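Working notes, beginning with the structure itself.
The values are calculated or read from the model by the stated rules, or taken from the named source; none is laboratory data. Computed from a predicted model, the values in this text were never measured in an experiment. Virtual Cβ from ideal backbone geometry, glycine too; neighbours counted across all protein chains shown.
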């Protein structure tokens, strides 16, 4: 696997983890965004989990 592809997948996994963590923290504590919209938090969490799943599948396929 190319170094550029590996870096891109790693960066997208890190960003998806940060977004998922912030949305989960907002749903539980209401800290970063003051609990503005629970529906958006759920959508961000689901989308970040999907991105993490796709990154995992890419790493497994390119091994």
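The figures follow:
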{"quantity": "Test for residue 8: is it without any contact (Cβ under 8 Å) to a residue 12 or more places away in the chain and surrounded by 12 or more Cβ atoms within 10 Å (Cβ to Cβ)", "calculated": "yes"}
{"quantity": "Residue in region 42-58 that is surrounded by fewer than 11 Cβ atoms within 10 Å (Cβ to Cβ), assigned to a helix (DSSP H, G or I) and more than 10 Å from the chain's Cα centre (by Cα) present", "calculated": "yes"}
{"quantity": "Residue in region 21-36 that is in a helix (DSSP H, G or I), modelled with pLDDT under 95 and loosely packed, with under 14 Cβ neighbours inside 10 Å present", "calculated": "yes"}
